[in-house]
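Undergrad: The structure under discussion is supplied below as structure tokens; questions concerning it will follow.
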Amino acid sequence: MEKVDARLPDMMFATFLIEPGARTKAYRRWLRPIADVRSFNGESIYASIVSYHLGQLTIARSRSIAAHYVRTNEIAEEGKLKDFTLVRLLLRGELTARFGDAIVQLKEGDIYVSDLAHSSEVWAQDCAHVNILVPTGSLPDTGVPLHGRVLHNDWLVCRMFKEHLVNFIDALVYADADVVNTMIEVAMVLLHECLHKAPYQPLTLEMAENIRERIVSYIDDHLGDGNLDPNALMRAFRVSRTTLYRLFHDLGGVQRVIRNKRLESAVRDLCNQPKEAISEILLRHGFTTRRQFQRAFRARYGLAAREVRAGYLRIKQP
């Protein structure tokens, strides 16, 4: 690494300084070289980034609310960062990420590695990070993929690296050039040690699909439970909220899956049991109030439950 002088931040970005309606667009434009950013449920994204360019290494502190980050093959191939690797310490929050066929789940204190020559996806919930961007060529060949490596806080050398990164960015503004260069050298030594010694334990897409099938089966068996919701699934399967989002994002989220399955079951009973009160049917399928049921039913089918039942019975009459 080349020697550098201590300095103030090279770049500062914060969406709270931008008009609310333009925040997500501004954040997406700024982060375009790294990933395409998509908000959860169309909400405006709050994010902030402070970065320091230190020779070949860049270190940054970042924060954002829930968001989905997609680094496509096109971004990876056409961007200027394909010769770099991004190492990220998760200071706060939770996230799930996909690197090729590997799925990883992160908790506070964990570090994950992204080779920016490849595609990836990250589903993050109100997260704060310390990030370092380093030339990929400066990292060791350990015989296992660099992309998607997770350096867990449970391992001593990784915990030492985590503590160093936190102290590094906290002290950076006040440190002189010699101290800064020493901190860079120590960071690289610790990173090399972590990559050599940390186990490689990815979760494959096949394993993730198996988890999703088990969750769907559990939902089918517990539709009548009024307490069935994402929190109950997180407890039952020991997964994070972001993992649930990642597993069901193509279906609109796990809450929508639960609601739609309840509605489909309710429709079958409405049509096949015409003498049963609607209030009994909705309670049996996990809806706690008639208003909640009717709003969800109309939003899905465009008609009230009694109208669907009446229409079905007219068709069935000889």
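The values are calculated or read from the model by the stated rules, or taken from the named source; none is laboratory data. Note that this is a predicted model, so its numbers are computed, not measured. Cβ coordinates were reconstructed from backbone atoms using ideal geometry, including for glycine residues, and neighbour counts include every protein chain displayed. Areas reflect the complete protein model, heavy atoms only, side chains present, ligands, DNA and RNA absent. Shrake-Rupley method; radii C 1.70, N 1.55, O 1.52, S 1.80 Å.
Undergrad: Being at negative phi and open to solvent by 40 Å² or more (accessible area, probe 1.4 Å) is the filter here, so list the residues in the stretch 139-151 that pass it.
TA: ASP141, THR142, VAL144, PRO145
Undergrad: In this structure, is THR182 hydroxyl-bearing (Ser, Thr, Tyr), under 23 Å from LEU90 (Cβ atoms) and open to solvent by 30 Å² or more (accessible area, probe 1.4 Å)?
TA: Taking the combined requirement at face value, the residue does not satisfy it.
Undergrad: Another one. Output yes when any residue across the stretch 161-171 is open to solvent by 70 Å² or more (accessible area, probe 1.4 Å), acidic (Asp, Glu) and more than 28 Å from the chain's Cα centre (by Cα), and no when none is.
TA: The answer is no; no qualifying residue exists.
Undergrad: If ALA171 satisfies all but one of (1) out of contact with any Gly (no Cβ under 6 Å at 6 or more places or on another chain); (2) small (Gly, Ala, Ser); (3) in contact (Cβ under 8 Å) with a residue 40 or more places away in the chain, what's the number of the condition it fails?
TA: Single failed check for ALA171: (3).
Undergrad: Hey, could you check the stretch 164-183 for residues that are in a helix (DSSP H, G or I) and of a type in the set (Val, Ile, Thr) and say which is farthest from LEU54 (Cα to Cα)?
TA: Only one residue tops the list, namely VAL166.
Undergrad: Can you tell me how many residues in the stretch 9-20 are open to solvent by less than 60 Å² (accessible area, probe 1.4 Å) and part of a strand (DSSP E or B)?
TA: The qualifying residues number 3.
Undergrad: Which of the helices (runs of 4 or more DSSP H) found entirely inside the stretch 206-289 contain at least 3 residues meeting this: open to solvent by 60 Å² or more (accessible area, probe 1.4 Å)?
TA: 254-272, 278-284
Undergrad: Using the structure shown, decide if LEU116 is open to solvent by 10 Å² or more (accessible area, probe 1.4 Å) and among the hydrophobic types (A, V, I, L, M, F, W, C).
TA: no
Undergrad: Quick one: in the stretch 1-45, which of the residues that are hydroxyl-bearing (Ser, Thr, Tyr) and over 27 Å from ALA117 (Cα atoms) is modelled with the highest pLDDT?
TA: Looking at the filtered set, the residue picked out is THR15.
Undergrad: Considering only the stretch 138-155, I want to know if a residue exists there that is in a helix (DSSP H, G or I) and of a type outside the set (S, T, N, Q).
TA: no
Undergrad: Can you tell me how many residues in the stretch 122-137 are open to solvent by 30 Å² or more (accessible area, probe 1.4 Å), more than 20 Å from VAL50 (Cα to Cα) and assigned to a strand (DSSP E or B)?
TA: 0
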